[in-house]
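So the structure is just underneath, and the comments pick up after that.
The values are calculated or read from the model by the stated rules, or taken from the named source; none is laboratory data. Bear in mind that the values here come from a model prediction, so they are computed numbers and not experimental data. Positions of Cβ are backbone-derived with ideal geometry, glycine not excepted, and every protein chain shown enters the neighbour counts. Please note that ligands, DNA and RNA were not included when accessible areas were found on the heavy atoms of the full protein model with its side chains. Shrake-Rupley method; radii C 1.70, N 1.55, O 1.52, S 1.80 Å.
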Amino acid sequence: MIILGLSGALGHDPSAALLVDGEIVAAAEEERFIREKHAKNRMPLEAARYCLEEAGLAASQIDAVAFPYAPISIFSPARWHYARRHWYAPDRALDAIFNGNRRYRRNRARVAALGETLGIDWSGTTFEPVEHHLAHASSAYHLSGFGGRTAVLGVDGRGEYATTFFGVGENGAIRRIREFYDPDSLSGVYGALTEYLGFEMLDGEYKLMGMAPYGDPRRFDFAPLLGCRDGAVRVDARLVNTVGLRRYRDEGRGRHFGAGLVERLGPPRRGDAADDPYVHHAAAMQQAYEDACLALIDRYLGDVLAATRRLVFAGGGALNVKLNKLILARDDVDELFVQPAAGDAGTALGAATYVASLAGDPLRPMTDAYLGPAFSARECRDTLASYSGLTVDELGDVPGRAAEILAAGHPLAWFQGRMEFGPRALGARSILGCPSVPGIAARINAEIKYRERWRPFCPSLTDTVAADILGTSHPAPFMTIAFDVADPWRSRIPEVVHVDGTARAQVVTRSANARYYALLERLGRLTGAPVVLNTSLNRRGEPIACTPSDAMDTFVGSDLGYLVMENLLITKMAARGA
């Protein structure tokens, strides 16, 4: 069965994914093609075109279009819960009761129009709506490769109405145990505090997470904001997850927090510094989020975990690597799979896998995220004709020369193979540095990424040293889990160890990415550590590079001196003399 998954129902992170007989042929985010971060209020037209081109298929051959947004019955508790909790905004409350599927109908029309643009023949292609949180759940459960009964966790801002999902997967089917509904959203509160701390909601949550270790969580108690008592979630909607007139207005914009929060905490943060008291706000929010999630896991998934010891996790809240570290450390969790595209972009893949599972297609485990476009060396060379002041060498030993540049203390842009799907650079569209070179992280932050100085970087390392460095042999291919770095290694690779002694690591295997693995091996021979600092190939506020032109724009628009693009080494004249 040929299934095209499309996301974009919630106004951000549209994407497309294509499954053929249960195999993921392609998946990509729209932002990478149109060069607009999060591609807000767009549909995944270019991403869908890429997926079809990659598969060599015409739109007329698609059997089903899966979409992660579905109609919710008036008899569902979701709409009534939303109405009760939004009594102070009567227009929203009444809309939920009497017109609760308005957004679904609008999205259905947008998908129909997109399909016509692509050339889909709707008389021969079915439209398959999948509830948003079921799509998240499917993206994790059906691609985990876990056999037998499995605990399923979804933590997200909101879908149609649901915000948090607890379930169990068994024999290919997913059964709900419990859901919570908007505005009672753990991720929503985390996002509101992200906005209070001066970052963009649905973009800067990882910045809050990175700031948290600099603060003291005991300075503030944010547990009441989440309202997790006796297995329930009831956020304080006077202060966070607010709508309408309750929203605090700042610079002409309504925020997702109320004026009462500002009265209690002080003015919202501005600027790039990690300073007092905001670092303590970040620490307190991270602590409250962790405590709430772990308590709810105990309540709703404890029995399943006691029997199975395996859990899968998706939704935007699953990108919180500090929480994932604690989940993996639980006595009742031996296996943890976190969907690498855990946010809403991943729901295109989740909707497609859900429909595929219902059709009986065998779904293969997701062992890597290299699902985007690739470009030949010739295509890369043709791109260089538009740029001057560069030298180009064709390399016979790409990993060896790249390792020499890194060991000499230079940052290096690395453009290889198929682009990653999801928010993490995993060695296909990366900026690299040698983690034992003093100051390399600060240099990349200031001169290349142009981002906050306190932001941490992540290591990629070979599977041969993972247990020694991270203290576990648990798979970590997607940079979705933080680990404590072993004491002897903290001084050997200091540039990728955060202030709290942890690292959000990617453990690389030869089978997943042979050339990247070879680079790590060669660097290990030169430095004694097959570990590299790895960050995404982009500048602040930009999507990750997709094409050779995108890579070149980042290269020439920053202080990068070296770019390895397939088998080509591109060097700026100034760097060549260094």
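Computed values, structure above
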| item | result |
| --- | --- |
| Some residue of segment 172-186 being assigned to a helix (DSSP H, G or I), out of contact with any His (no Cβ under 7 Å at 6 or more places or on another chain) and open to solvent by 10 Å² or more (accessible area, probe 1.4 Å) | no |
| Residue in segment 349-369 that is more than 24 Å from residue 127 (Cβ to Cβ), in contact with a strand residue (DSSP E or B) (Cβ under 8 Å, 6 or more places away or on another chain) and open to solvent by 30 Å² or more (accessible area, probe 1.4 Å) present | yes |
| Residue in segment 420-429 that is modelled with pLDDT of 95 or more, assigned to a loop (DSSP other than H, G, I, E, B), in contact with an Asp or Glu (Cβ under 9 Å, 6 or more places away or on another chain) and of a type in the set (A, V, I, L, M) present | yes |
| Residue satisfying all of: in segment 1-49; among the acidic types (Asp, Glu) and in a helix (DSSP H, G or I); farthest from residue 60 (Cα to Cα) among these | 31 |
| Selection from segment 529-553 of residues that are more than 23 Å from the chain's Cα centre (by Cα), open to solvent by 40 Å² or more (accessible area, probe 1.4 Å) and of a type outside the set (S, T, N, Q) | 553 |
| Qualifying position, being open to solvent by less than 50 Å² (accessible area, probe 1.4 Å) and at pLDDT below 95, among 439, 417, 389 | 389 |
| Residue within segment 302-312 that is among the polar types (S, T, N, Q), touching a helix residue (DSSP H, G or I) at 6+ places or on another chain (Cβ under 7 Å), within 16 Å of residue 146 (Cα to Cα) and touching a residue at least 40 places away in the same chain (Cβ under 8 Å) present | no |
| Enumerated helices (runs of 4 or more DSSP H) restricted to segment 273-380, each holding at least 3 residues that are under 19 Å from residue 423 (Cβ atoms) | 321-328, 347-359 |
| Segment 293-326: number of residues that are over 15 Å from the mean Cα position of the chain (by Cα), open to solvent by 10 Å² or more (accessible area, probe 1.4 Å) and aliphatic (A, V, I, L, M) | 5 |
| Wholly enclosed helices (runs of 4 or more DSSP H) of segment 84-171 bearing at least 3 residues surrounded by fewer than 18 Cβ atoms within 10 Å (Cβ to Cβ) and free of Cβ contacts under 8 Å to residues at least 60 places away in the same chain | 90-98, 102-118 |
| Tally of residues being more than 18 Å from the chain's Cα centre (by Cα) and assigned to a helix (DSSP H, G or I) across segment 196-210 | 1 |
| Complete set of residues in segment 48-65 that are open to solvent by less than 60 Å² (accessible area, probe 1.4 Å) and out of contact with any Phe, Trp or Tyr (no Cβ under 6 Å at 6 or more places or on another chain) | 48, 50, 51, 52, 55, 57, 58, 59, 62, 64 |
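One line per residue, one yes/no per condition, for (1) over 20 Å from residue 323 (Cα atoms); (2) aromatic (Phe, Trp, Tyr):
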{"site": "450", "(1), (2)": "yes, yes"}
{"site": "465", "(1), (2)": "yes, no"}
{"site": "472", "(1), (2)": "no, no"}
{"site": "490", "(1), (2)": "yes, no"}
{"site": "499", "(1), (2)": "no, no"}
{"site": "506", "(1), (2)": "no, no"}
{"site": "530", "(1), (2)": "yes, no"}
{"site": "544", "(1), (2)": "yes, no"}
